[in-house]
Structures are given as structure tokens and as C-alpha cells.
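The values are calculated or read from the model by the stated rules, or taken from the named source; none is laboratory data. The structure displayed is predicted, hence computed values, not measured ones. Note that we place each Cβ from the backbone using ideal geometry, even for glycine, and neighbour counts take in every protein chain shown. SASA here: full protein model, heavy atoms, side chains in, ligands and nucleic acids out. Shrake-Rupley method; radii C 1.70, N 1.55, O 1.52, S 1.80 Å.
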Amino acid sequence: MRVFVIKAVVSAICISCFMTVLCGSGNEPIKPIPSTIETDKKKVLLGKKLFNDPILSKDGTIACSSCHILQDGGDDNMKFSFGIGGKEGAINSPTIYNSVFNFRQFWDGRAKDLKDQVHGPVENPVEMGNQMHSAVEAIRKEQSYLKLFEDLYPDGVTPENIADAIAEFEKSLITPDSPFDKYLKGDENALSPQAKRGYWLFKSKGCVTCHHGINIGGNLYNKFGIFKESNSTNLGRYIVTKREEDRFVFRVPPLRNADLTAPYMHDGRATTLREAVVIMTQYQLGRHMEPEEIDDIVKFLKSLTGQIPQIEENRPYED
Amino acid sequence: MKTKKRFWTKRISSFELVLVGFVLVLILLFVYQQKINRDVQHYTDSIYELDRLYELSHDIDHYFVQTYRFIDYDRILDTQSNFEKSIAKLRMDTVSVSQYNYLGDQNLQKIERLYLQKIALMEDFKTYNTRITNGIYLLHDLRMDIHEYYKNNIDKEMHIFYSADKIFFMLGQMFIGSEIDQDAIIEDIKKIEGYTGEYKSVSNFVISSKQLLQDNTALANILRQNKNLHLSAAIANAGSELKRYYKKDYRNGSTVSNFFFLSGVLMLLSLYMMYRRMRKTNIDLSSFRYAIENSDNVIVLTDADRNIIYTNDAFEYHSGYKKDEVMGKNPNILSSGVHTDEFYRDMNKVLDAGKEWKGVLINKRKNGSLFYEKSSIIPIFVDNELSQYLAIKLDITDYIEQQQKLQQSAIIYETIEDGILILDRYKKVISANSSFSQIFGYSQEEIIGFEPRINDSFEGDRLLSSRIWSALAIKERWAGRITNKNKNGKMIPIWLTIVVVKDFSDIVKNYIAIYTNLEEIIEMEEKADFLAYHDSLTHLPNRAYFEKSIEYIFEFARNNQQKVSVFFIDLDRFKVINDTLGHNIGDEILKQLAVRIKKVLAKDDLLIRFGGDEFIAICYPMQDRQKAANYAQNILTVIKEPIAVLDYSLNTTASIGIAIYPDDGRDQDTIVKHADIAMYHAKEKGKDNYKYYTKQLSVDVQSRLYLEQELKNATLKEELSVYYQPQYDFKSGKIVGAEALLRWSNPLLGNVDTEQFIQIAEETGMIVNIGYFVMEKAFEEFSKWESMGLGVGRIAVNISSVQFRQKDLMKNFKNIIEKIGISPKNIEIEITERYIMEYSISNINILDELRRMGCKISVDDFGTGYSSLGYMKTLAINAIKIDKSFISDIPNDIHNVEVSKAIIALAESLNYDVIAEGVENQQQVDFLIENGCRYGQGYMYSPPLGSDAFIAFAKSKLKKP
């Protein structure tokens, strides 16, 4: 009798648990990106200038935009990026788009926010290979920057302010109005039936447990390879926390614009989206899924590509 | 330095100190209030944030409770983000207002620390919760797969599925929070482990179950750890601690506020007290100031350097300066320069000694006039140091001027010639000036206290007196003429002026009586009157008097049906006397004659000197014509009597014209005119007689005018002709010369009397041309005579004094001589005695020139004038002609005889020839010859003859030797 009761209760809970995820259109686990985000226009323009300027790199060859190509999904479409002197990095560069919605930056989440993140690539020896203060020196020599900084910041050119400006620019890089977002907002025709099916599978197979929220991921850490050894050379958060349990734990990547950001995984091991989905079912969900189901999910993922923002050219700053 | 110190002590009064204190307290109170407000705000904010934190920490804990199910981690992130924001806010507040930090850094740190731990746990929680959720779901799916797989094989189904089902449900107990029996589950897992190779899902189920167990253990561990992180408690604790601190601080704050409030009230109270005191002082001061401002005294304040710092209105009024003009200036701008330097030195000596100076200053107003100030200058000392000078001055200019006026008045009072009495209101004499005493002879003592008698002259004194006093009761002045007796009883005419002096209340205070002595004035007046209406020489009434009085006389006569006779008396030849003997003698004659005529007239008759030698006598009432004639005769008689003047005994006559009012005229002009005409008539009738006016006389005057008209045409019409009267040598009976005489024969008038028309010719100036006419005619005739050999020695022509006045006389005379070719020695010029006496250089020159030319000069009508014989001696005269009036009655008239004798003797002594005129009989000839006169002319020999008759007469004489 007791067992029965327990059975009944567990079943009910399980169902209710999943019902919250699967049903109720007003309570979707994924939220659309806002069409605009509030930014300081001037800072955005300064940030853009800095973002595109190799001045930040030690030898003046690498700009932020070298690896985060804004016209191509906000990443460099390579397994690993190349830094100064052609050095190859150890991690796949993530897209810059919608990074503002990520709860932490970097794969290992070592940066608290965008501003915090700026220092990373600049000082990474295989990326820009520079020191922040050296970058400051370099910028201070540029008359065009001095005035801009002085207009915006009372203390002029500082590492902090450089980071602030770039972060402000990055903040503006959001991709609203993806077909899926339109669907979420009530446009039933925005998604194909296959994509809709894919979304259903995405939710019902448990993908959504990790990939949810506004950025469809990017709001928690998890271990890469729960059901299958990932064999990653990168130790993930362990590098940051040195906790055994954080070995191979990475920030769950956001899936927006996933179609544009191949290759996938922190080490770029998956070259196609389908491949990535398959890896996910095996490594993370420990589930077998039918190829049609995979196709449907891929179809769904492709509906996550949004509008690339048009950032005003910073003409006023170029003379 | 000393002054500066005093300045400050003076400036900062206790009032101001308290005021500053009060303001300070207010400011402090305000600042403190701000602090309290800030604290309250801070406190409220902190409490709010803490409440929020508390809520959020609960939210976070709530997530931990939501195990094994899908959670939207964005929401957790939101919660975290909010929590962090609140923390940041609190942190910022804590930093910015650290000194009022009730929260305490420690509390905040503790919260932050706990939070961070919790967040770290949360991350793990998320990871494991995700896995477990998915794991359960996976198990559920796998269980269903197993069931499906083994449903046809009961044994296996019973064994494997049952175990799997059991594992699933045992694990599922987690959901309802029950402790799961791990060992039992592991046991069951072992049961199906053998079948893992049989079916993939079984192996998956085993792996998943193990994984789930493992993850659950980890999760349980996380939850356990979380239970030990008492974040909410820490927050609550911080909150209560904050409240406690705040309460304490609030109590302290209240105490401080109360202190400030109390001290504020105290200060306000003391300020009010001071204000009350100051107000009272102010009222006193403004009263004083009002008194000073409105004082009649001039008040001037200067500083120690004597620069004016205050003046009142009286200063402006008295000095004429405006306050603004004198501020900061030295009072010596008023200096008049009247006072000596020594005066100011003495003043300064007193002032420098710190004493009050008193005295009278004579200062100058702005307009330059002087004014007197009775002044008192006081140096004012504050703390033994000279701080100011106060000058109080009273303008006494009016007083002094009044004094001066009084002095002047007193001098006038004593020196004026008018007598002045000052009476009291009871009309008793208070004072009398010395002139009064002089006029009336009373001394002051004799009249003071008495009522003066206003008028002594009439019986009706009382009447006049009462009239004056009643007039004075209404008017304030009475003036009029009275007569008063002096002490000696002499009546003195007085012009009396009485003035009433009243006091402010219009009550009579004094009477002032001014006695002007009119005696002299009246005398003067009478004298002036006399002078105006009397002739100063003869003291007879003059023409003005005549004109004034004659109307009255006529009126009187008219009213009484009476007649008035008016005698116009004109002295004959008086002008000759004046011209020859001088005005002094003439005047003397007039004086004597006036007295003589006056004596002849009746007492009431009026004798007037009408003009130079004209008198008018008015007799009224006139009884009859005869009486008037008698008067006239009497007047003539007295005039004729010789008059002794100086060494002369002079004879004169007069002609009198008589006109009767109202017969001959009814107004004075007519009467006088007619009397005048009558007088002329008398003169024409040989002088020394009187004539009544008749209407014919007026006609005569008219005819004279006619005569004048005719005479003008006479020369043109050749009505004038020259006759010649021979002059004889008595002894030889021969003609020695001839006198040319003019005759006028007018067709209407007949032969006009020569004397008459010559007079007219002289008066009108026609004589000049007539004279030349005569000369030409006579000289031509004489030339004719000579050529005929008639033996007439010379031709005599009369030249009138009018002719002599012609400047070109000599020129024309010479022209005529040359033209006719007559020798001047054959010419005799006859001049009148009067002409000789018109002594002038030109006359003498003309006579001299004529003599030089060879002309003879004789004096015609000698004896009728008043020639100075002594003077005649110096003149170039050849002969004198005795006037026929002297010859006519010879030898019967003894007087004429004597005169003729005297003239002849005179001529003899002067070696002049003598020619007698008007010789009519042999007796005269005999007398003349006997007395030495050789020549003569007259009717006895021949009347004047016309040219032809004369020639015939002369020829006849030639034949008879």
C-alpha cells in the first residue's frame, strides 16, 4: 500500500515537474531577447573603436574584432583562435553576441561580467599578449582617444575605462527578432513544424534543463561528459576553483545564433550542429535519440539566429 | 590703536553678540537637523535594503528547496543580481557615511561572506539539480523502455522491471523529501546489474541510477552545507542591531536637538529683552532727537576734528546752508571775518582746556548776510577722550537788530522836530520828547501823567476832542490840523497824528501823538503863494493873480449890477530907458511908479503888473466914466513926476487905455485886449494921455492890418515918393542941405501918416528895401541938383536901426553911391538917439566907416532919448537935431526953452552942429540964433517938397541972395 502511494506521488510529481516545462505557452522556459537594450551611445562608439583597434594588442596586430567577427556570428569560426605572432589559443572563441545575458564570461566563467572579461584576452599571452597598463600608454598617445576619454571619463584613459567602454559596446551587441523569438512572441508561422517539433523534443528530452532562459544557456555550470568521458584537455572550472568536483565543468554555452558559431564545444570538437547535438545526447543526457529527432532539434536550433545589430559607424571619431 | 580698540568695543554690542550666537545656534540646529535627516534617510534606506536582503535571502533559500525540478536559473540570477545591488548600496552607504554607520562593517562583511558561500553552493546546486532532474526523467523513460522490453517475459519482467521500478520509486522518494535508503537501492541495482549486457537500457538504467545516487548524495551535502549558512539570520541580526544603534543615536540626537532648541529659546528671550530695552532707549532718543530737531536753538555736532557731523533744522533756517552742504566741513565756513584772530584764539584756549565756551558769534549766512549767535560750545568727552563738540547757538540777530532799531528810534524820538507824546491807554502822558517841550514850552515833568488837551483854539475843543477819540476807537490812526496854545499862550498851528498801539489781544496799549509844527510850513506856504501871485519887483499882484481874481471880480460885479473899469497902463518909451540906462534903473522906476499908482487908487482897487512896463488897474465898482477919467489923469500925473534914481532924475510918461466891464467885454481876455487897443490909441494920439476903448478902435486895428497889406504893394505900385525939406542957415537964409522924407500916397488911403507907416515898415522889416529906395531916389535927386548948380550942400537920409542890423548895409550903400556917382561928403546920415545908445561894436564900426568915407552923421530927434553925453563924445557924430517937440512951444514953455538951451550948449561944447527941427516962426528963430543954433528946418521956411517943387524953390532962393 505504502509503495503504491509513493509510486502515485512520484509519478504525479514527475509529470507535474515536466508539465511546467512542456506546457503553458505563457510560461516558456526560454524568453525572447528584448529588441533594444539601454546603452550609453558615446561609450558604445568609443567601445566600438577600441574593439576594432589592434592598439590593445602587444604588437598592434590583434584587435578584439580579430576573433569576434561581428559579421559572422561574433566568433571566428575556427576551432581555436590565433593570437599575436600567429600563436594558437587553447579554447574555442565564443560568440560575442548576446554575451551580456551570460551570467559569467569565458568558458570557465572566470569573469564576472563583460567589463571583467576585457582584461582576459588583452593580457592572454597567446591572444593579445599585452598588459593593460601598456595598452593604456598606447592609447594615451593617440590624440583622438584622449579627447573621447576625457569627454566621457573624468579620469581619462584607465584600464577600467577602456574595459567599461568595450563592455558597453559589447552590451549593445544583441540579436533580437530571431524566428524563434517571434514564435515566442506569438507568431505561430515563424517556426516550421519541424522546428516546432524540435523545440518540443528540446524541452521533453531535457536539453532545456540546462539550455533555458533568455540566452538559452549561459546561466549555470555543468560538467562536460556526465554519461561519457569527455577526454577534454581543458580542465574547465577546476582551473579557477581547484575543486575536484569542478573538473571538466564549464559554463553551459548559450545556443543563440548557434547555426553561425561552428565549430562547437570549448575545444571545437564538433564541426556541425548535428554533430554537437549528438554529442550532447550522448555525453550530457545519456539518451539515445532517433536521427529524425536530432534533425528536428537541429532545425529548432537554426531558428535561433537573430538580427545582427547595426552599430552606427563611429565617424565623428575618425577625424 | 587706542581709537581702534574703542571702535571695536563700541561696535560689538552684547546685542550683536547674542544675535550672532542665536544665528549660530540656528545654523547648528539646521546642520544637525540635516544630519538627523540624513541619518534617518540612511537608516530607512538601510532598513529597507536589509529587509530586501532578508527577502532575497529567503528567495535564495527557497531555490534550494525547489530540488529535483526544472528551475529557470535566470530567475536565480535575477535574485542574485538584486541581492548584490542591495549589498552594493549598503556597502556604498557604509563607506560614504561611515561615521554614522549603525550597520557596522562587520555585519555587512558577514552578510557578504555568507552570501558568497551561498552563491557558490547555489552554483553547485544548479549543476546537481539539473543532473538529478534530468536523471530522474531519464530513469523514468528507461524504466518504461525496460517494461516494454520485458513485458512478454514474466520472469524477467518480474525480476528486472520490478527491481528497476523499485529503484525508480525509491529514488523518487527524494521528491517528497523522504530519506532514501541508499543501501537498499544499491542492493536492488546489484540485482539487475547482471542483465546489463542483455539490454542497453538496463545498463543505462544502472549507470543512471548510480549517477543519480551519487549526485543526490552530493546535493544532499550541498543542502546540508546551505543549512549551516544562516544568511537570513545574519541579515535579521544586522537589522536589529541597526535598529538598536539607531534608537540610541536617536536618543542622543534628541538630547542635542533639545539642547540647541533650549539655548535658542534662551537667546531669543534675551534678544527680546534687549529689544525691549533698546526700544525704550530708542523712544527716549527719538524724543530727544525730536526736541533737538525742532529746537529754535541751532545745534551743531562736530567730531573731535571739528568736522560737522550733525546739524538740526534750525541750523538750515538760520544759516541758509543745507545740511548736506556742511556735513564733514569745519564750522568756520560760517566765519564772517568780523572777529579778530585773538577772539578765536581765546575761544580755542577755553575749548582746548575742555571747558565750555560761551559768547556771541557774528557769523555769515550762505547769502553773505551777517547774523548774531549767542553760542555755547561744549567739548564732549567719552572715556576721558575728546569725542565731539556740541554747539548750541541761539540766533539773536532779530534781537540785536531790534535793539539797533530801538536805538535808532530813540534817536529819532529825541531829535525829530515833531513833538511826540506817548500816552497810556487812559490817555495819560507817559513820555514826551524834547521837541514837544520846545514847541509847547512845557517840560516833561509838567505834562507826564496829564491828559493833553488836543485843541486849544476853539471853544469847541471838547467836541473836536471827542470826535478824534471816537474816530480812534474805530480806526487806528487819526490825522488832522488843529491849533494849540503853547505855554505862553501863543496859538500854534499843528498837524496832529495820533496812532493807536495795540497789544496782541487787540487791546489798546498806547497812543502816540505826533505834533508837527505847521508855523514855518504855513509861513513858507504863504510866501510861496505870494511869490506865485505877486511880482517880485514891485510886490504887486502879477498876471497870474489877475487871471485868478478877475473872474471873481467880474462875477461879483455882475451879481451887484456894477461896472468895473480896467486901466491898461503902458509906460511910454520905457524900453528906451531900459536899453539906455540899464535894467536896474528901469526896475527902480517901475518900483517907484508902482507905489505912486497904488497911492492914487482906492483901497480895494487892484493894481497889477501885467508885463515889463505894463500895469493894469482895476477899479470897482466904477461910479461913472468921469471918475475913471479922473483916475486915469491922476495916474498920468503921478507918472509924469520926475523920478529920482541913483543920481538921475528921470521923466517918463504913460499911455492908458480904459475898458469897462461889461460894456467893452464880458471876459477878461476881451477886456484886456480892448484896454490894450485903447492904450495903443492913446500912444498914437501923442502918448501921455488916456483913451477909452471904442468900437472904432477895434476897427483901427483892423485898418492898420490893411495898411500893412497895402504898404507891401506900395513900392511896386510906385505909391511911395521922396520929398525933400530944405535946411537953412538962419543967418544967411541959404539952403545948406535937404532932408529926404518919404511920402506914401495911396489911392484909397490918401496920404498916409509917415510916422504911422514907417513904424509898420520897421515892424515888418519892409523898411530895409524902402530905405534903399529912398537912398537911390535922394542921391539921384541930389546929383540932379548939383548938375543944375542949385548949391544944395548935402542930402540927408534917415537910416533906421532896423536897417543898420542888415549885414550887407555898407555894401549896398557903396553900390548905390558908385552907381549914382555922388560924393559921400555930400551925404548926411541921420540916425536916432536910440540907435546911438544901442551900443555895439558893429554900430561903431559902421559909423566909423561912414565917417571915413566922408559922410556926415547927425542924431535925429535929440532930447527924446536918454543919451549918455559922455558916451556920445566918443562917437563920430557931426551934428544933432533938436526934436521939434522941444522947439514947438518956444519961447512960451520954459521947460522946453531950458532943454533946448541945454542941448545947444551941449552940442557947442562937443563941437557938434545943431539943427532945430519944426521951426515955425520967427520967435523960435530968434531964440535959436540967440542961443547959438545956426541951422534949422521947418514950415517957417518950407514944408517937405516934391522933386520939381524943391528944384523950383531952390532956384528961387538962388535968385534972391
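Each residue, B:L262 and B:S434, gets one label point 7 Å from its Cα in the Cβ direction; the gap between the two is 9.6 nm.
Note on B:K405 and B:A544: with the Förster distance fixed at 60 Å, the Cβ-Cβ geometry gives a FRET efficiency of about 0.80.
Ordering B:Y317, B:S295, B:N307 by the projection of their Cα atoms onto the charge dipole of the stretch B:294-400, which places +1 on the Cβ of Lys and Arg and -1 on the Cβ of Asp and Glu, puts B:Y317 at the extreme positive end.
What does the charge dipole of chain B about its Cα centre add up to, to the nearest 20 debye, if the Cβ of each Lys and Arg holds +1 and the Cβ of each Asp and Glu holds -1? The calculated dipole for chain B is roughly 2060 debye. For B:Q117 and B:A236, the difference between the fully extended length at 0.36 nm per residue and the C-alpha to C-alpha distance is 41.1 nm. For the stretch B:391-422, list residues with backbone N below 15 Å from a point placed 7 Å from the Cα of B:R453 toward its Cβ? Under cut-off, by backbone N: nothing. Once amide H atoms are placed 1.01 Å from N in the peptide plane, what residues at a sequence separation of 5 or more from B:V501, or on another chain, have their amide H within under 5 Å of its amide H? Amide H to amide H, under 5 Å and 5 or more residues apart or across chains, B:V501 pairs with B:K509, B:N510, B:Y511, B:I512. Legend: Rg and Dmax of the stretch B:416-523, from Cα coordinates, 13.3, 44 Å.
Which value, in debye to the nearest 20, gives the size of the charge dipole of the protein assembly as shown about its Cα centre, when Lys and Arg are +1 and Asp and Glu are -1 at the Cβ?
Magnitude of the dipole: close to 3180 debye.
Of all the Cα-Cα pairs you can form in chain A, what percent are over 34 Å apart? Result for the distance tail: 29 percent.
Note on chain B: helix-only mean residue ellipticity at 222 nm, from DSSP H runs of 4+ residues weighted -39500 (n - 2.57) and normalised by residue number, equals -19000 deg cm²/dmol. Averaged over the residues of peptide A:238-247, the number of Cβ atoms from other protein chains lying within 10 Å of each residue's Cβ is 1. You can think of it this way: the chain between B:M810 and B:E898 has 27.9 nm of extra reach, that is 0.36 nm per residue less the Cα-Cα gap.
If R₀ is 45 angstrom, what is the calculated FRET efficiency for the pair B:A220 and A:N77, using the beta carbon separation as r and rounding to 0.05? So the FRET efficiency works out to roughly 0.55. Every pair of different Cα atoms in the stretch B:535-659 enters the Kirkwood calculation, which places the hydrodynamic radius at 15.0 Å. When the Cα positions of A:Q143, A:N130, B:F567 are compared along the charge dipole of the protein assembly as shown, A:N130 comes out farthest toward the positive end, with charges on each C-beta of Lys, Arg, Asp and Glu. Each peptide in B:85-92, B:35-42, B:379-386 gets a packing score, the mean of other Cβ atoms within 10 Å over its residues, and the list from highest to lowest is B:85-92, B:35-42, B:379-386.
Averaged over the residues of peptide A:216-223, the number of Cβ atoms from other protein chains lying within 10 Å of each residue's Cβ is 5. Hey, how much of the P(r) for the stretch B:623-666 falls beyond 16 Å, as a percent of Cα pairs? Roughly 52 percent, rounded to a whole number. Only the Cβ atoms of Lys and Arg (+1) and of Asp and Glu (-1) were treated as charged; on that basis the dipole of the stretch A:219-275 about its Cα centre amounts to roughly 120 debye. Restriction of the GluC sites (Glu not before Pro) in the stretch B:625-728 to DSSP coil positions whose beta-carbon has at most 12 other beta-carbons within 10 angstrom yields B:E718.
Using a cut-off of under 19 Å, list every residue of the stretch B:694-713 whose amide N is near the label point 7 Å from the Cα of B:T670 along the Cα-to-beta-carbon line. Backbone N within reach: B:694-702. Each of B:I894, B:L229, B:Q626 was scored by the projection of its Cα onto the charge dipole of the protein assembly as shown, and the greatest displacement toward the positive side belongs to B:L229; charges sit on the C-beta of Lys, Arg, Asp and Glu. Kindly work out what percent of the DSSP beta bridges joining two residues of the protein assembly as shown are antiparallel, to the nearest 5. Counting DSSP beta bridges with both partners in the protein assembly as shown, the antiparallel share is about 80 percent. Across the accessible surface of the protein assembly as shown, with the other protein chains kept in place and a 1.4 Å probe, carbon and sulfur atoms take up 53 percent. Its DSSP H runs of at least 4 residues, each contributing -39,500 (n - 2.57), put the calculated 222 nm mean residue ellipticity of chain A at -11500 deg cm²/dmol, to the nearest 500. With the alpha-carbon atoms of the protein assembly as shown aligned to their principal axes, the span from lowest to highest coordinate is 250, 96, 66 Å, starting with the largest. Please determine, in degrees from 0 to 90 and to the nearest 10, the orientation of helix B:583-600 with respect to the longest principal axis defined by the Cα atoms of chain B, where the helix direction is its Cα long axis. Around 70 degrees separate the two axes. Highest mobility in the GNM of chain A, judged by mean-square fluctuation with C-alpha springs under 10 Å and restricted to A:Q284, A:Q143, A:Q194, is found for A:Q143.
Counting Lys and Arg as +1 and Asp and Glu as -1 over every other residue whose Cβ lies under 12 Å from the Cβ of B:A314, the net charge comes to -4.
Each residue of the stretch B:720-959 gets 127 Å³ once the volume of the Cα convex hull is shared out per residue. Highest-first packing order for the peptide set B:611-623, B:505-517 is B:611-623, B:505-517, based on the mean count of other beta carbon atoms within 10 Å. Inter-chain neighbour count for A:278-288: the average number of beta-carbon atoms from partner chains within 10 Å of each residue's beta-carbon is 3.
If you average 1/r over all unlike Cα pairs in the stretch A:124-260 and invert the result, what Kirkwood radius do you get in angstrom?
Answer for the stretch A:124-260: a Kirkwood hydrodynamic radius of 19.1 Å.
For the residue pair B:R365 and B:L716, what label-to-label distance in nm results when each label sits 7 Å from Cα along the Cα-to-beta-carbon direction? With each label point 7 Å from Cα toward Cβ, the separation is 8.5 nm. Accessible surface buried by the A/B pair amounts to about 3000 Å², both sides summed, 1.4 Å probe. With a cut-off of 9 Å between beta carbons, the residues surrounding A:I69 carry a summed charge of -3, where Lys and Arg count +1 and Asp and Glu -1.
Amide H contacts under 5 Å for A:G89: A:S81, A:F82, A:G83, restricted to partners 5 or more places along the chain or on a different chain, H placed in the peptide plane at 1.01 Å from N. Over the stretch B:294-400, the fraction of Cα-Cα pairs per 5 Å bin, rounded to whole percents and listed from the shortest bin up, is 3, 12, 23, 27, 21, 10, 3, 1, 0. Packing-based ranking of A:236-242, B:934-940, A:103-109, B:642-648 yields A:103-109, B:934-940, A:236-242, B:642-648, ordered from highest to lowest mean Cβ neighbour count within 10 Å.
Stretching B:K485 away from B:S387 to a fully extended chain increases their span by 27.9 nm, per 0.36 nm per residue minus the current alpha-carbon distance. Summarising the amide proton neighbourhood of A:I30: residues at separation of 5 or more, or on other chains, whose placed amide H is nearer than 5 Å comprise A:G213. Model label sites at B:N559 and B:S909, defined 7 Å from Cα along the beta-carbon direction, differ in position by 6.3 nm.
Directionally averaged projected area (chain B, Cα convex hull): 110.6 nm².
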